[in-house]
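See below for the structure under consideration.
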Amino acid sequence: EAVLSTQANTASSGDGSADAQLERIADDIAEKIPADFDLDEAQQKFPVAYLESMNTVLLQELIRYNRLIGIIRSSLSSLRKAAKG
């Protein structure tokens, strides 16, 4: 939705092409993406044990989060390449 709203404003703003603005937005988002969680450190700090089921859930969620962040980074990279042509 945010990308579509910027495309509508591009024609009236006159500060560059839609591709250039899309690339700036992708760069801005990429700068704000946090680093992956260190799973080894998390596992040392919160060991997965039978009596600590929340630690298991935490580790699973950190794995999912890292995958999601990786997909976002990959999508932004593809978006930048598409914008460049």
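The values are calculated or read from the model by the stated rules, or taken from the named source; none is laboratory data. Treat the numbers as computed from the prediction; the structure is a model and nothing was measured. We place every Cβ from the backbone using ideal geometry, glycine too, and count neighbours over all the protein chains shown. Accessible surface is based on the protein model in full, side chains and every heavy atom, while ligands, DNA and RNA are left aside. Shrake-Rupley method; radii C 1.70, N 1.55, O 1.52, S 1.80 Å.
Brief remarks on what is shown
- Annotation: of all residues in the range 31-44 being loosely packed, with under 13 Cβ neighbours inside 10 Å and hydrophobic (A, V, I, L, M, F, W, C), the one that is farthest from Q21 (Cα to Cα) is L39.
- Among residues of the range 45-74, those that are open to solvent by 60 Å² or more (accessible area, probe 1.4 Å) and more than 30 Å from D28 (Cα to Cα), counted: 10
- Among all positions in the range 11-29, there is no residue which is surrounded by 13 or more Cβ atoms within 10 Å (Cβ to Cβ), at pLDDT 95 or above and not hydrophobic (A, V, I, L, M, F, W, C).
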